[in-house]
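The values are calculated or read from the model by the stated rules, or taken from the named source; none is laboratory data. Worth saying up front: this structure is predicted, and the values here are computed from it rather than measured. As a convention, Cβ positions derive from the backbone with ideal geometry for all residues, glycine included, and neighbour counts pool all protein chains shown.
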Amino acid sequence: MPLTEQTSQSGPGDAPPSPADTARLLRLATAASVTVATVLLTVKLVAWLLTGSVSVLASLVDSALDAGASLLNLLAVRWSLRPADAEHRFGHGKAQPLAALGQAAFIAGSAAFVGLEAIDRLLHPRPVAQPGIGLVILALALVMTVALLAIQRHVIRRTQSTAIRADALHYATDLATNGATLLALALAWLGWQGADPWLGLGIGAVVLLSAVHIARDAVQLLLDRELPKAQRDDIAALALGTPLVRGVHGLRTRRSGQLLIIQLHLELDDNLPLRASHRAALDAEARIRSRYPDSDIIIHQDPVSLGDEA
């Protein structure tokens, strides 16, 4: 199943990881991705040299781009974890969707290459050599991809990382491409050599679709899309449950890497003393941060009469 934001979004009731745990999980996921991509690149290169299959070549090119994209991802995640400084007051979190856009470009390029190679093989057919060996090697690649996705799904559920989600999306696509490649080799083993380039074209189309999904999600985050409604409702409920708070309005949210940026207005009694009003805002901020520790929260206090007009 594609790892879109909707399917991988953790619920508001999940216990969030601490910033240190988040950094550890992100480093684990990126290191695992680079390691698996490197191993897959090696084994698929061997498989292609032995078989000459265009489907194996398609999978090899995809893994080569995966290795580059995973390395880019590793660098971007490490950059995004750097603390805020004088020139980047909201941190460096936008490095993650930028890396996702880079991955989308890598993946779209691999899809185009695979499509051209498959068309060439349709025009100039060549038999697939030693498909049995290729089957064994690609089965190993499939198992490694499943193991990596298990790690990435766990990290996404805990951190909601845009970069890891993009990485996982194209590795989820790899399951389809590796499965199609195994089918092509199996058919070639059974004597159906003509299926190989057609399946190569199908792999290219799936890879291109993956690039479109990754780019779309990255662009939405760069454009400061609001958090999902369930999270927005949860934030509003946390603020509204604070003593002395009569209402909440003007909630605005966005995500920058692991940082949630939250702005809202609290409606307080018109005659509430300034000290008590300030305390109510601090209490609301503490309640929200207890659920969302990686957050930058700005709260404005409004008298109830002004809140009713807003």
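Results, tabulated for the structure shown:
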{"item": "Extreme residue, farthest from residue 104 (Cα to Cα), among residues of segment 37-86 that are of a type in the set (Ser, Thr, Tyr) and surrounded by 17 or more Cβ atoms within 10 Å (Cβ to Cβ)", "result": "51"}
{"item": "Unique residue being outside the structural domain of residue 78 (by TED's automatic domain parsing), buried (at least 22 other Cβ atoms within 10 Å of the Cβ) and either within 33 Å of the chain's Cα centre (by Cα) or assigned to a strand (DSSP E or B) (or both) when the list is 260, 251", "result": "260"}
{"item": "Qualifying residues in segment 186-200 (those that are of a type in the set (A, V, I, L, M, F, W, C) and within 18 Å of residue 115 (Cα to Cα)) - the one modelled with the highest pLDDT", "result": "198"}
{"item": "Subset tally (residues that are closer than 30 Å to residue 159 by Cα and either touching an Asp or Glu at 6+ places or on another chain (Cβ under 7 Å) or modelled with pLDDT of 90 or more (or both)) for segment 255-278", "result": "9"}
{"item": "Of all residues making up segment 127-161, the number that are of a type in the set (S, T, N, Q), farther than 23 Å from residue 293 by Cα and modelled with pLDDT under 80", "result": "1"}
{"item": "So residue 39, is it more than 30 Å from residue 231 (Cβ to Cβ), modelled with pLDDT of 75 or more and not assigned by TED's automatic domain parsing to the domain that holds residue 259", "result": "yes"}
{"item": "Matching residues in segment 68-88 - criterion: being within 11 Å of residue 31 (Cα to Cα) and of a type in the set (A, V, I, L, M, F, W, C)", "result": "71, 74, 75, 77"}
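Yes/no per residue for (1) part of a strand (DSSP E or B); (2) within 17 Å of residue 169 (Cβ to Cβ); (3) in contact (Cβ under 8 Å) with a residue 24 or more places away in the chain; (4) more than 15 Å from the chain's Cα centre (by Cα):
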position: 49; (1), (2), (3), (4): no, no, no, yes
position: 65; (1), (2), (3), (4): no, yes, yes, yes
position: 83; (1), (2), (3), (4): no, no, no, yes
position: 93; (1), (2), (3), (4): no, no, yes, no
